[in-house]
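Student: Structure incoming, see below.
Rule-based calculations on the coordinates, nothing more; no lab input. Treat the numbers as computed from the prediction; the structure is a model and nothing was measured. Ideal geometry is used to build each Cβ from the backbone, glycine not excepted, and the neighbour counts take in all protein chains shown.
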Amino acid sequence: MHVSNRGNLTAATNVDVIESKKINHILTIDSCPLPRKITELNNLKTMFIQVTDTPREDLLSHFEETYHFIQEGVKNGTVLVHCYFGVSRSATIIIAYLMKKHRMSVQEAFELAKSKRRFIGPNPGFMAQLQLFEVMDFTIDKSNLQYKMFRLYIAADRIVKTKILPQCCADVVKPDPSVTTVQPDPRVYRCKKCRKIVATASNIIPHISKQKYSWRDKRYSEEIDAKDFCDKIYFVEPLAWMQTVSIQLEGKLYCPNVNCKHKLGSYSWTMGCLCPCGTKVSPAFYLVPSKVDKGNFVQNVQVTV
């Protein structure tokens, strides 16, 4: 893997450097792809990931695919991983690769990368994503609460900019829990009026009472005593029955039963919600406890094959 003081756009567009270093794979993490004079070179494979160098960007979701791309390249030659300056984005990808390849901590991988390129410096957002990658044991664990919070944070930023939830964030909207293709969670939340299931325990996004709410808080990846979680409001993941969450920044949540339509709560991608316990959760999708019943038995769940 080519990791040197040439890990920037200048090196990636220099044919002489590419040929002299026997580079056979180039991974570009930048706002713009490489020019065709480079991407069309013989015996060269390229990958482009469009990401700007800001803390609110998501590089974590690309760690798996970039790892495999780099692995493929180092088997038969040299890989150049670059961004514009070769300081933050490319360094983040290289650190993630080293972490997964050698099962290193963030700090160990950072120091190794820095020994090859002394002025690397992932921005704070990317460093937090690397720390989460370590917590998830160098993989993407979609069931990890901290990861769910991270993806909602990213999705909120996108929908504020585009006014519609982009396809790259569609995964944050989870299936309707009353119609599932997998074994349903037996702990459910039902509309108090019509008894329709509107959420399961696995859809709950808990928060710690009277504490700052942030996806960067490592405690959300740990076993937290249930008594530390607030239950004054039920914050949940966006769910498929919440019809407007992909196209409106805020709104009310009504029971999806067409014969009921009982108001259950509200949501806001931008303003979030201040829980009575004092914690502000943002983005927020919440059910009011007085509007739903919590139970341990699944009833009227349609399982499709």
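Student: How much net charge surrounds THR162 when only the other residues with a Cβ under 15 Å from the Cβ of THR162 are counted, with Lys and Arg +1 and Asp and Glu -1?
Tutor: Its environment carries a net charge of +1.
Student: Pairs of lysines 8 or more apart, or on different chains, with alpha carbons under 28 Å: count those in the range 9-135, would you?
Tutor: Total qualifying Lys-Lys pairs in the range 9-135 comes to 29.
Student: May I ask for the angle, rounded to the nearest 10°, between helix 106-116 and the longest principal axis of the chain, with both axes built from Cα atoms and the value confined to 0 to 90°?
Tutor: Taking the Cα atoms of the chain, the angle to 106-116 is about 20 degrees.
Student: Something else about it: For LEU130, LEU112, what ranking results if the residue with the fewest other Cβ atoms within 10 Å of its Cβ goes first?
Tutor: LEU112, LEU130
Student: By how many degrees, 0 to 90 and rounded to 10, does the Cα axis of helix 145-162 deviate from the longest principal axis of the chain?
Tutor: Value to nearest ten degrees: 80.
Student: Now a separate question. Which value in nm describes the separation of the simple spin-label points at LYS114 and LYS280, placed 7 Å from the Cα toward the beta carbon?
Tutor: 3.4 nm
Student: OK, next. Summarise the long-distance tail of P(r) for the range 9-135 by giving the % of C-alpha pairs beyond 25 Å.
Tutor: In whole percent, the long-distance tail amounts to 18.
Student: Here's another thing I want to ask about it. Based on DSSP H runs of at least 4 residues, each adding -39500 (n - 2.57), what is the mean residue ellipticity at 222 nm of the chain after dividing by all its residues, to the nearest 500 deg cm²/dmol?
Tutor: -8000 deg cm²/dmol
Student: Let me ask something else. Given 4 °C and 1.567 mPa s, how large is the Stokes-Einstein diffusion coefficient of the range 66-119 in µm²/s, with Rh as the Kirkwood radius over Cα pairs?
Tutor: Here the translational diffusion coefficient equals 113 µm²/s.
Student: Let me ask something additional. In a GNM of the chain with a 10 Å cut-off on Cα contacts, which of THR162, THR66, THR52 has the highest mean-square fluctuation?
Tutor: So, out of THR162, THR66, THR52, the one fluctuating most is THR162.
Student: Which order do the peptides 212-223, 231-242 come out in when sorted by mean C-beta neighbours inside 10 angstrom, highest first?
Tutor: Values: 212-223: 14.6, 231-242: 19.9.
Sorting 212-223, 231-242 by mean packing, highest first, produces 231-242, 212-223.
Student: Among PRO55, PRO206, PRO35, whose mean-square fluctuation peaks in a Gaussian network model of the chain (Cα, cutoff 10 Å)?
Tutor: Residue with maximal mean-square fluctuation among PRO55, PRO206, PRO35: PRO35.
Student: Any idea what the dipole of the chain comes to, in debye rounded to 20, about its Cα centre with Lys/Arg Cβ at +1 and Asp/Glu Cβ at -1? Working shown, then result.
Tutor: Working: 42 positive and 28 negative charges, 156 e Å.
Charge dipole, the chain, about its Cα centre: 740 debye, nearest 20.
Student: Moving on. When 1/r is averaged over all different Cα pairs and the result inverted, which Kirkwood radius in Å belongs to the range 103-217?
Tutor: Computed over the range 103-217, the radius equals 17.2 Å.
Student: What number in nm² do you get for the chain if you take the convex hull of its Cα atoms and divide its surface by four?
Tutor: Mean projected area of the Cα convex hull: 17.9 nm².
Student: OK, next. Whole angstrom only: what separates the Cα centroid of the range 15-52 from the Cα centroid of the range 176-239?
Tutor: 44 Å
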